[in-house]
1. Quick check on the stretch 110-123: of everything there that is part of a strand (DSSP E or B) and in contact (Cβ under 8 Å) with a residue 40 or more places away in the chain, which residue is surrounded by the most Cβ atoms within 10 Å (Cβ to Cβ)?
2. Tell me, please, whether a residue that is closer than 25 Å to A152 by Cα and surrounded by fewer than 17 Cβ atoms within 10 Å (Cβ to Cβ) can be found in the stretch 97-106.
3. Quick check on this structure: which one of S219, S244 is more than 23 Å from S201 (Cβ to Cβ) and either buried (at least 17 other Cβ atoms within 10 Å of the Cβ) or modelled with pLDDT under 95 (or both)?
4. In the list K230, K234, which residue meets the criterion of being under 27 Å from G131 (Cβ atoms) and either surrounded by fewer than 11 Cβ atoms within 10 Å (Cβ to Cβ) or outside the structural domain of P124 (by TED's automatic domain parsing) (or both)?
5. Just give me the residues in the stretch 131-168 being in a helix (DSSP H, G or I) and among the acidic types (D, E), in sequence order.
6. Being closer than 22 Å to R179 by Cβ and either touching a strand residue (DSSP E or B) at 6+ places or on another chain (Cβ under 7 Å) or surrounded by fewer than 17 Cβ atoms within 10 Å (Cβ to Cβ) (or both) is the filter here; which residues of the stretch 136-159 pass it?
Amino acid sequence: MKTLKELFLLLIVASLFSACNNDIELSIKGQTSINEGDFYEYKALFSDDFVIDDTVELQWSIKGIHPKKYTKILDSNKSILKIRVDTLKNPIIKLVVHRDGEVYKAKKKLKVQKALIIDGYRLPADPGEEGKETIKGIDANKNGVRDDVERAIYLTYKRPIERAYMMQDSLEMAEYIERPLESAVSESFQRQLFLNSACASYLEFILKIDKNGILKNPSNFQDKIFVNTKDRIKAYAMYNQARSGTVSTLPDIEDLKASACDFNVTELLNREL
């Protein structure tokens, strides 16, 4: 027979275990602002001590719209839900997790917007403020350019050749915003900056298609659109400080070639004919 002291200690241990168990955090990771008709993935995100095994039961559901009529569930497993929403109504994704008699719940309300299509190109959804929560931002179509930047490029620049160059330039801009110190000393990265400059000069001075010089000096666009949060401004300053005192090589006339561009210059110019 256990003593009163032993029973008291058992109660304390049980209480601590219960508290730890209830401290488990559950959330749904994935984009809030989405395009109607595009595919998106959502992941159950647990605190570090939560292990998904055979004792765990996960139940995904979608509320606010008719799930069969307006939603296509592409795939669903224990921790990942892949869906496409075919309506402008805003659904709510719900997740219920059962483990060892405990129940954990999470939900995420989606904001569905009509897809913006410019010259036949389907742009990613406007991420809004959610796109400013991290330095990296949101890149739903995984092309290396933040969605808010990509949208701004297509809305600001009208010619395909301008958009293509700004997309190329934005790839490198993303690199030194996300990894400022590493980019500052990377020879391969500096080489790509050199090619960007050669491409812009080729378009302006050889092909003479950039009469206003907007491709040669896109800094106004970058400062306004790309470096738009305190963390991104700080990262940009870190990169410039790390590059301070170094020498950058400028392209010579023989470097101004179409091969400096990562897009097909002739094909894009032919679209304008």
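1. Initially, the stretch 110-123 is screened for residues part of a strand (DSSP E or B), giving 111-113, 117-118, 121-122.
Next, from what is left, pick out any that are in contact (Cβ under 8 Å) with a residue 40 or more places away in the chain: 111-113, 122.
Working: K111: 16, V112: 21, Q113: 15, R122: 12.
Here the residue is V112.
2. Of all residues in the stretch 97-106, those closer than 25 Å to A152 by Cα come to none.
No: the stretch 97-106 contains no residue that is closer than 25 Å to A152 by Cα and surrounded by fewer than 17 Cβ atoms within 10 Å (Cβ to Cβ).
3. Working: S219 fails: more than 23 Å from S201 (Cβ to Cβ).
One residue alone meets the criteria, S244.
4. Numbers: K234 fails: either surrounded by fewer than 11 Cβ atoms within 10 Å (Cβ to Cβ) or outside the structural domain of P124 (by TED's automatic domain parsing) (or both).
Matching residue, one of K230, K234: K230.
5. The first filter runs over the stretch 131-168 and keeps only residues in a helix (DSSP H, G or I), leaving 131-132, 147-156, 160-168.
If the condition is that a residue be in a helix (DSSP H, G or I) and among the acidic types (D, E), then D147, D148, E150, E162 are the ones that fit.
6. K136, N141, K142, N143, G144
The rows are residues; the columns are (1) not in a strand (DSSP E or B); (2) not acidic (D, E).
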| residue | (1), (2) |
| --- | --- |
| K82 | no, yes |
| T87 | yes, yes |
| N90 | yes, yes |
| I93 | no, yes |
| K108 | no, yes |
| A125 | yes, yes |
| E129 | yes, no |
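The values are calculated or read from the model by the stated rules, or taken from the named source; none is laboratory data. As the structure is a computational prediction, the values presented were derived from the model and not from experiment. Positions of Cβ are backbone-derived with ideal geometry, glycine not excepted, and every protein chain shown enters the neighbour counts.
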